[in-house]
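The values are calculated or read from the model by the stated rules, or taken from the named source; none is laboratory data. These numbers were taken from a predicted model, which means no experiment stands behind them. When we count neighbours, we look across all protein chains shown, and the Cβ atoms used for this are built from the backbone with ideal geometry, even at glycine.
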Amino acid sequence: MFITGGVLSSVGKGITTASIGLLLKARGYSVTAIKIDPYINVDAGTMNPFMHGEVYVTEDGGETDLDLGHYERFLDTNLSKKNNITTGQIYMSVIEKERRGVYLGQTVQVIPHITSEIKERIRSVAEESGVDVVLVEIGGTVGDIEGLPFLEAVRQMRLEEGPGRTVFVHVGLVPVLSTTGEQKTKPMQHSVQELRRIGIQPDVIIARSPRPLEEEARFKIALYANLPEEAVFSNPDVDVIYEVPLVLERQGLGSYIVRKLGLEDRKPDLSDWEAFVKRVKEASRPINIAMVGKYTRLKDSYLSIIEAVRHAAASLGLKPVFHWYESTLVEKGKLNPEEVVDGNDAAIVLPGFGSRGAEGKIRVIKAVREAGIPMLGICYGMQLAVVEVARHLAGMEDANTTEIDPSTPYPVIDLLESQRYIRRLGGTMRLGAYPIRLVKGSLVHSLYGRDVVAERHRHRYEVNPKYIDRLEAAGLRVSGYSFDGRVEFVELKDHRFFVGSQPHPEFKSRPMRPAPLFLGLLKAAMEAAR
Ligand code: GLN
């Protein structure tokens with residue numbers, strides 16, 4: 001199944017793709033999903049989260065587009081880095097083959113060489129995963145120059161796979177004019193025309209609009225798209241993204257697609273999902289959570305963390321209220337750390353890189369620690385919590401991470417040994433899932449309820465083992481080590497909940513299986529608020 005986008009980006013193609021996957025899965029079909037990103041970066045790892053949103057890390061260490069996070073959460077499956085294909089990867093591989101002489105004698109061209117490489121990669125994911133249906137979401141908008149080779153490749157695939165084995169779904173925006181309140185279908189008509197000009201006739205259209213599609217609009221879209229009206233579905237704005245599959249199912253999208261794929265239609269089982277959505281919607285007790293970071297302007301920078309909080313909150317009947325704090329404002333004297341402490345039941349110190357905003361985070365951590373508010377520090381947030389404890393509890397004045405101050409007298413956070421000679425920045429962090437042995441008797445051990453866990457990493461720096469004894473003497477406890485002895489989790493002994501996690505537990509949180517550290521944080525916050 002190929003999912004294309006029309007009119008403009010950010011219309012929720014990723015959620016739609018994930019939702020369709022869920023409807024197939026609920027019918028007993030196995031699915032996987034691929035995101036195609038037509039940019040030239042090899043992966044999302046080198047992109048600024050301000051522009052691109054969070055970098056989602058897969059189990060096998062891929063630095064991928066955040067849509068893979070939607071797929072994993074909706075489909076409750078682990079994907080590979082191979083499930084995110086970019087123009088950069090395609091060209092890198094084709095050029096490398098050209099140098100090796102694989103195409104000797106030929107003129108290497110977009111068609112057929114680039115398109116063949118694209119098709120090969122899609123098919124290899126299909127084969128390796130062995131699933132019934134592969135969903136391929138093509139990023140960007142139909143008509144973008146950089147997306148053309150991908151559309152051409154999937155156009156060819158329809159022909160090669162034979163009739164009834166592919167479905168094209170086009171997701172586009174139907175804006176509402178604020179003056180007249182009218183739903184306008186012209187942009188959608190044009191984007192379908194553009195798709196057909198390339199040689200792709202969509203089988204299904206999904207119209208994103210603030211409210212359900214009106215009959216008149218549906219009629220027009222169907223007519224101009226050369227489709228029966230029953231092939232046009234409506235995807236209105238909803239409060240909770242997890243409702244989207246249910247909204248689409250109610251209109252019969254699941255059955256329609258299954259029939260188009262020539263598969264037997266079965267009665268879907270969405271009961272767990274419905275129960276989860278009900279829990280989210282009915283949760284009434286508010287819990288205030290301070291989100292402390294430097295990319296707070298674009299909330300997508302922390303998407304998986306937000307979702308992990310939502311999963312944990314739903315299971316506890318809590319309604320999370322997020323309050324965002326830009327840590328650079330603390331440094332500029334425009335935000336008093338006490339404000340973070342005042343109106344919040346819990347705090348999350350967010351991941352990040354570089355010196356901007358770091359001192360602000362440290363000051364917030366100090367205030368939060370002293371006020372006894374439950375706090376979870378993730379990755380950089382954990383590292384800066386260790387710096388804070390070193391400075392203010394362990395008497396190591398000017399302790400720091402060497403990421404900020406390479407000449408600090410107390411480098412409590414330092415570059416991983418394996419990183420010292422790395423010069424290339426793409427894909428070279430410590431990435432992906434590694435097993436962690438939890439320390440018996442620690443809070444983290446009791447939250448996970450297991451001796452060994454595996455969480456996903458993305459970092460270059462780590463707790464400097466030389467300082468573990470001094471930090472432990474000051475009340476910090478290491479609650480988890482990697483098998484090669486790296487510090488993975490820390491916690492403060494005399495605190496309700498002061499936990500630092502070097503890995504990113506948010507990436508493995510699922511609607512029905514909240515991540516234990518988030519669950520622990522919210523439980524502690526609930527008890528403190530009582
Ligand atoms: N900048 C830190 C490091 O590289 C933390 C990275 C992160 O928060 N993902 O180790």
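I need a count of the residues in the range 484-512 that are touching a strand residue (DSSP E or B) at 6+ places or on another chain (Cβ under 6 Å) and either hydrophobic (A, V, I, L, M, F, W, C) or in a strand (DSSP E or B) (or both).
12
Among the residues of the range 423-430, is there at least one that is assigned to a strand (DSSP E or B) and within 27 Å of the chain's Cα centre (by Cα)?
Yes, the range 423-430 has at least one match.
List the residue pairs whose Cβ atoms are under 7 Å apart, where the first residue sits in the range 363-380 and is under 13 Å from GLU491 (Cα atoms), the second is within 16 Å of the ligand (Cβ to nearest atom) and part of a loop (DSSP other than H, G, I, E, B), and the two are 6 or more positions apart or on different chains.
ILE378/LEU350; ILE378/PRO351
Between a residue in the range 281-302 that is under 26 Å from LYS523 (Cβ atoms) and any residue that is polar (S, T, N, Q), which pairs come within a Cβ distance under 7 Å, given they are 6 or more apart or on different chains?
ASN288/ASN344; ILE289/ASN344; ALA290/ASN344; VAL292/SER327; GLY293/SER327
Out of the range 442-477, which residues are away from the ligand (no atom under 16 Å from the Cβ), under 25 Å from the mean Cα position of the chain (by Cα) and crowded, with 20+ Cβ neighbours inside 10 Å?
VAL444, LEU447, TYR448, VAL453
Only residues that are in contact with a Lys or Arg (Cβ under 8 Å, 6 or more places away or on another chain), more than 14 Å from ILE122 (Cβ to Cβ) and in a helix (DSSP H, G or I): list them for the range 72-91, please.
Result: GLU72, ARG73, LEU75.
With the requirement that a residue be of a type outside the set (Asp, Glu) and assigned to a loop (DSSP other than H, G, I, E, B), what does the range 35-46 give you?
Across the range 35-46, the qualifying residues are PRO38, TYR39, ILE40, ASN41, VAL42.
Between residues in the range 129-154 that are without any contact (Cβ under 8 Å) to a residue 40 or more places away in the chain and residues that are part of a helix (DSSP H, G or I), which pairs lie under 7 Å by C-beta distance while being six or more apart or on different chains?
Filtered contacts from the range 129-154: ALA153/THR115; ALA153/ILE118; ALA153/LYS119.
Being of a type in the set (Val, Ile, Thr) and within 31 Å of the chain's Cα centre (by Cα) is the requirement here; does ILE221 meet it?
Taking the combined requirement at face value, the residue does not satisfy it.
Give the range 375-407 a look and list any residue that's on the phi < 0 side of the Ramachandran plot, part of a loop (DSSP other than H, G, I, E, B) and surrounded by fewer than 19 Cβ atoms within 10 Å (Cβ to Cβ), or say none.
LEU393, GLU397, THR402, ILE404, ASP405, PRO406, SER407
Residue check: is LYS260 within 18 Å of VAL171 (Cβ to Cβ), touching a residue at least 60 places away in the same chain (Cβ under 8 Å) and of a type outside the set (Phe, Trp, Tyr)?
Yes.
Would you check which residues across the range 276-308 are small (Gly, Ala, Ser), within 17 Å of LYS319 (Cβ to Cβ) and assigned to a helix (DSSP H, G or I) and list them?
ALA308
Kindly evaluate PHE50 against the criterion of being modelled with pLDDT under 95, within 26 Å of SER9 (Cβ to Cβ) and among the hydrophobic types (A, V, I, L, M, F, W, C).
Here the answer is yes, as PHE50 does meet what is asked.
Regarding LYS466, is this residue part of a helix (DSSP H, G or I), without any contact (Cβ under 8 Å) to a residue 40 or more places away in the chain and not aliphatic (A, V, I, L, M)?
yes
All but one of (1) within 16 Å of the ligand (Cβ to nearest atom); (2) within 26 Å of GLY426 (Cα to Cα); (3) free of Cβ contacts under 8 Å to residues at least 60 places away in the same chain; (4) surrounded by fewer than 23 Cβ atoms within 10 Å (Cβ to Cβ) hold for GLU488; which doesn't?
For GLU488, the failing item is (4).
Report yes if some residue within the range 413-435 is more than 16 Å from the ligand (Cβ to nearest atom) and either buried (at least 23 other Cβ atoms within 10 Å of the Cβ) or within 28 Å of SER304 (Cα to Cα) (or both); otherwise report no.
Within the range 413-435 (the criterion being more than 16 Å from the ligand (Cβ to nearest atom) and either buried (at least 23 other Cβ atoms within 10 Å of the Cβ) or within 28 Å of SER304 (Cα to Cα) (or both)), the answer is yes, since at least one residue qualifies.
Can you tell me which of (1) within 26 Å of THR296 (Cβ to Cβ); (2) out of contact with any Gly (no Cβ under 9 Å at 6 or more places or on another chain) is the one TYR410 doesn't meet?
(1)
Pairs please, first residue from the range 337-362 and closer than 22 Å to LEU318 by Cβ, second anywhere and modelled with pLDDT under 95 and within 12 Å of the ligand (Cβ to nearest atom), Cβ atoms under 6 Å, 6+ apart in sequence or on different chains.
LEU350/GLY293; LEU350/TYR302
Looking only at residues that are under 26 Å from the mean Cα position of the chain (by Cα) and crowded, with 16+ Cβ neighbours inside 10 Å in the range 324-338, which one is farthest from ILE289 (Cα to Cα)?
Ranking the candidates gives THR328 first.
Please go through the range 348-374 and pick out each residue that is away from the ligand (no atom under 16 Å from the Cβ), not charged (D, E, K, R) and not in a loop (DSSP other than H, G, I, E, B).
ALA367, VAL368, ALA371, listed by residue number.
What single numbered condition from (1) assigned to a strand (DSSP E or B); (2) among the hydrophobic types (A, V, I, L, M, F, W, C); (3) under 26 Å from the mean Cα position of the chain (by Cα) fails to hold for ALA524?
(1)
Residues to consider are GLY480, GLY485, GLY475; find the one that is over 27 Å from SER304 (Cα atoms) and touching a Lys or Arg at 6+ places or on another chain (Cβ under 8 Å).
Just a single option satisfies the conditions, and that option is GLY475.
Could you identify the single residue in LEU522, LEU517 that is surrounded by 24 or more Cβ atoms within 10 Å (Cβ to Cβ) and closer than 19 Å to ARG456 by Cβ?
LEU517
Scan the range 47-71 residue by residue and report those that are in a loop (DSSP other than H, G, I, E, B) and surrounded by 18 or more Cβ atoms within 10 Å (Cβ to Cβ).
Result: GLY53, GLU54, VAL55, THR58, GLY61, GLY62, ASP65, LEU66.
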